[in-house]
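The values are calculated or read from the model by the stated rules, or taken from the named source; none is laboratory data. As the structure is a computational prediction, the values presented were derived from the model and not from experiment. Cβ: placed from backbone, ideal geometry, glycine included. Neighbour counts: every protein chain shown.
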Amino acid sequence: MTGSFLLINTNVAQPPVSPVGLEYIGEALVEAKVPVQILDLSFETDWKAALARELKDNEPLVVGLSVRNTDDCCFATRKSFLPWIREVVTEVRRLTQAFILLGGVGFSVMPEAILRLTQADAGIAGDSEEVVLALTKCLMNGEGISHLPNIVYWREGQTVCNPRVDVDLHHLPVPRRRLFDNRRYEDLGAMVGIETKRGCSQQCIFCADPVAKGSSMRLRPPLKVVQEFQDLLTQGISWFHLCDSEFNLPIAHAKDVCRAIIEAGLGNKLRWYGYCSPMPFDHELAGLMKRAGCAGINFGVDSLCDEQLSRLGRSHSTGDIHRLVRLLKQEGLNYMFDLLIGGPGETKETVRVTIDRVKELNVPLAGIAAGIRVYPDTPLGKTIAQDSFNEALYPAAGCPFHEPLFYLSPSLGSDASALINEFVAGDQRFLLLSSPAEEGSYNYADDEVLCQLIREGARGAYWDIIRQHRKV
Ligand code: B12
């Protein structure tokens with residue numbers, strides 16, 4: 001196949017996050033002998049000049065733009081990245097006649113809205129390694145693309161989103177991870193991303209992951225994960241972040257991945273972080289994770305009130321959390337809890353109980369997000385689309401989902417963060433998802449303090465850097 005691709009990483013939020021998704025599709029193209037060029041806007045100070053440089057005397061077949069985040073998902077800031085993506089699309093359009101294609105986890109959450117907003121030519125929602133090759137073939141042969149799975153495209157002025165087909169991760173080749181400058185990312189304090197699976201079958205009412213990644217879990221063979229780790233290690237990378245929605249689901253696969261890492265002798269060379277569900281988690285997994293190089297875990301706990309957990313569609317209970325904390329202490333694992341305050345049914349009392357219980361359990365670090373980002377096609381989004389909960393929506397009922405739209409339980413009154421601060425009472429173990437400029441925020445999108453700590457040599461997950469800085 002000929003006809004070249006220009007892949008552009010548009011995620012410029014600092015500290016940076018390595019563009020693993022874009023790299024995966026780039027490698028699929030390279031494997032199929034499609035010429036690929038890379039423009040990483042994260043490393044450019046003048047993006048327009050960089051685009052002009054890249055497109056001068058160069059007419060690619062396709063320009064692919066990543067949409068990793070639609071917004072910062074923070075109630076306090078509600079910073080959307082979509083106007084920025086639209087600006088890049090407009091500038092690319094001005095410079096070239098190439099086909100403009102979007103994709104990425106953010107895009108996959110609300111593909112049609114993003115296509116309409118940015119006026120790109122098409123996008124791919126979900127797994128893209130195979131569709132991107134089929135699309136290249138169609139464009140090169142002058143054929144239509146409307147029959148392709150996962151494709152989001154224009155038909156008579158309207159957007160259409162084709163049904164999704166997931167790739168079989170067993171058959172994908174091991175990505176070589178050489179398209180982007182992952183070493184430079186690590187030098188800038190980023191953790192390099194790596195997947196052990198895709199998809200999440202949990203039924204949390206708010207979560208975008210099943211929408212973006214699919215609700216069936218598709219496992220990567222552990223030996224392929226190890227091969228990818230090994231290859232990145234030989235390139236001098238040693239800090240990693242797993243890109244699984246929840247590493248320990250299913251637990252047997254998590255253990256198999258750890259065992260494969262240990263058997264390959266990589267356990268003491270890697271340092272990795274990941275997200276885990278509070279359940280299932282046992283001593284065996286904890287031990288294996290430690291021996292496989294796990295440096296810290298972020299648990300999506302959400303609440304320490306059983307009624308609230310069940311309203312959020314979570315499958316764990318406060319009893320499970322107590323057992324988990326005991327186990328983590330015995331095993332000496334580094335961890336934090338993520339809490340989600342303000343969902344349907346949340347009251348001042350459930351917030352107080354949750355915060356008090358985190359304190360009683362002596363959890364080393366807990367991040368609190370107050371206000372729930374509402375996504376289409378989630379259970380919460382569907383309920384809201386049927387016109388419920390109107391009094392609880394921010395900035396206002398009727399706002400489109402891409403705005404960004406948040407739900408906050410009306411029982412918390414007009415100032416939820418003041419309420420939370422009152423219950424937290426200055427306890428340094430709590431962080432708030434607020435403006436990155438605020439002391440004690442764990443909003444990583446353009447956090448200057450975090451960037452400064454990294455420049456001074458701090459490394460690891462961003463929450464772990466903040467934890468060490470706070471000396472908790
Ligand atoms: C790991 C992770 C983190 C880690 C990243 C560490 C690291 N180095 O990887 C940390 C903790 C730092 C982090 C930070 C943030 N994150 Co985060 N993160 C994730 C997570 C779990 C994995 C992302 C990932 O890399 N996936 C793996 C890759 C392979 O998948 P992918 O990008 O979808 O790529 C595939 C396709 O989409 C496609 N594709 C990708 N790019 C392109 C481009 C083109 C042109 C095409 C055609 C296709 C294509 O091909 C790939 C293979 O099929 C996701 C949730 C999830 N399960 O994906 C959230 C997620 C992306 N994060 C999210 C958010 C909000 C953030 C923050 C903004 C939070 C904050 N305020 O601090 C920051 C942003 C930081 C930044 N600079 O971008 C949200 C975004 C939601 C949204 N509305 O867009 C997500 C979806 C979580 C969620 N459910 O809310 N994150």
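State which residue is surrounded by the fewest Cβ atoms within 10 Å (Cβ to Cβ) when the search covers only the stretch 340-374 and only residues that are part of a helix (DSSP H, G or I) and of a type in the set (A, V, I, L, M, F, W, C). Looking at the filtered set, the residue picked out is V353. Out of the residues in the stretch 1-15 that are farther than 21 Å from V89 by Cα and at pLDDT below 95, state the one that is farthest from the ligand (Cβ to nearest atom). The qualifying residue farthest from the ligand (Cβ to nearest atom) is T2. L117 meets each of the listed conditions (1) in contact with a Leu (Cβ under 9 Å, 6 or more places away or on another chain); (2) buried (at least 23 other Cβ atoms within 10 Å of the Cβ); (3) of a type outside the set (D, E) apart from (2). When D377 is tested against the conditions (1) of a type in the set (D, E); (2) crowded, with 19+ Cβ neighbours inside 10 Å; (3) within 13 Å of the ligand (Cβ to nearest atom), the lone failure is (2). Within the stretch 437-446, the set of residues being under 19 Å from the mean Cα position of the chain (by Cα) and either buried (at least 23 other Cβ atoms within 10 Å of the Cβ) or more than 13 Å from the ligand (Cβ to nearest atom) (or both) comprises Y442, N443. With respect to (1) more than 9 Å from the ligand (Cβ to nearest atom); (2) out of contact with any Asp or Glu (no Cβ under 9 Å at 6 or more places or on another chain), the lone exception for E23 is condition (1). Identify, please: which residue in the stretch 89-114 is within 11 Å of the ligand (Cβ to nearest atom) and farther than 22 Å from E27 by Cβ and is, among those, surrounded by the most Cβ atoms within 10 Å (Cβ to Cβ)? Checking each candidate, the answer is P111. Could you go through the stretch 200-209 and let me know if any residue there is farther than 23 Å from L312 by Cβ, touching a strand residue (DSSP E or B) at 6+ places or on another chain (Cβ under 8 Å) and among the hydrophobic types (A, V, I, L, M, F, W, C). No, the stretch 200-209 contains no residue that is farther than 23 Å from L312 by Cβ, touching a strand residue (DSSP E or B) at 6+ places or on another chain (Cβ under 8 Å) and among the hydrophobic types (A, V, I, L, M, F, W, C).
Give me a count of the residues in the stretch 19-39 that are free of Cβ contacts under 8 Å to residues at least 60 places away in the same chain and hydroxyl-bearing (S, T, Y).
0
Within the stretch 119-143, the residues that satisfy the criterion of being over 21 Å from the mean Cα position of the chain (by Cα), in a loop (DSSP other than H, G, I, E, B) and on the phi < 0 side of the Ramachandran plot are A120, D121, N141, E143.
Every listed requirement among (1) closer than 25 Å to S216 by Cβ; (2) of a type outside the set (S, T, Y); (3) part of a helix (DSSP H, G or I); (4) more than 20 Å from the chain's Cα centre (by Cα) is met by E284 save one, (1). Among the conditions (1) surrounded by 15 or more Cβ atoms within 10 Å (Cβ to Cβ); (2) over 22 Å from the mean Cα position of the chain (by Cα); (3) more than 9 Å from the ligand (Cβ to nearest atom), S146 misses just one, which is (1). Figure legend. Inter-residue proximity from the stretch 66-78: first residues touching a residue at least 40 places away in the same chain (Cβ under 8 Å) and farther than 14 Å from L432 by Cβ, second residues basic (K, R) and within 8 Å of the ligand (Cβ to nearest atom), beta-carbon distance below 8 Å, spacing 6+ or different chains. Indicated pairs: D71/R373.
Restricting T354, T347 to those that are away from the ligand (no atom under 16 Å from the Cβ), farther than 16 Å from P278 by Cβ and among the β-branched types (V, I, T) reduces the list to T347.
Those helices (runs of 4 or more DSSP H) of the stretch 4-118 in which 1 or more residues are under 26 Å from L172 (Cβ atoms) occupy 20-31, 105-109, 111-118. Please go through the stretch 176-205 and give me each residue that is within 10 Å of the ligand (Cβ to nearest atom) and either among the aliphatic types (A, V, I, L, M) or out of contact with any Lys or Arg (no Cβ under 9 Å at 6 or more places or on another chain) (or both), ordered by number. Within the stretch 176-205, N182, Y185, A190, M191, V192, G193, I194 qualify. Please determine, by comparing only the residues of the stretch 253-271 that are in contact (Cβ under 8 Å) with a residue 12 or more places away in the chain and assigned to a loop (DSSP other than H, G, I, E, B), which one is nearest to the chain's Cα centre (by Cα). Looking at residues that are in contact (Cβ under 8 Å) with a residue 12 or more places away in the chain and assigned to a loop (DSSP other than H, G, I, E, B), I get L270. Cβ separations smaller than 7 Å between residues 6+ apart or across chains give the following pairs from the stretch 119-144 residues that are closer than 22 Å to P83 by Cα to residues that are away from the ligand (no atom under 13 Å from the Cβ): A125/C161.
Hey, which of the strands (runs of 3 or more DSSP E) in the stretch 156-252, taking only ones fully inside, have at least 1 residues that are surrounded by fewer than 18 Cβ atoms within 10 Å (Cβ to Cβ)? I'd like the intermediate steps shown before the answer.
Numbers: elements: 158-161, 192-194, 239-242.
Fully inside the stretch 156-252 and qualifying: 158-161.
Within the stretch 312-339, the residues that satisfy the criterion of being surrounded by 17 or more Cβ atoms within 10 Å (Cβ to Cβ) and closer than 30 Å to L393 by Cβ are L312, G313, R314, H316, T318, I321, M336, F337, D338, L339. S411 meets the conditions (1) of a type in the set (G, A, S); (2) at pLDDT 95 or above; (3) buried (at least 17 other Cβ atoms within 10 Å of the Cβ) in every case but one. The failed one is (3).
Here the condition is being among the hydroxyl-bearing types (S, T, Y) and farther than 17 Å from A370 by Cβ; of Y394, Y442, Y462, Y407, it holds for Y462 alone. Restricting attention to the stretch 123-143 and to residues that are among the polar types (S, T, N, Q) and within 14 Å of the ligand (Cβ to nearest atom), the residue that is nearest to L102 (Cα to Cα) turns out to be S128.
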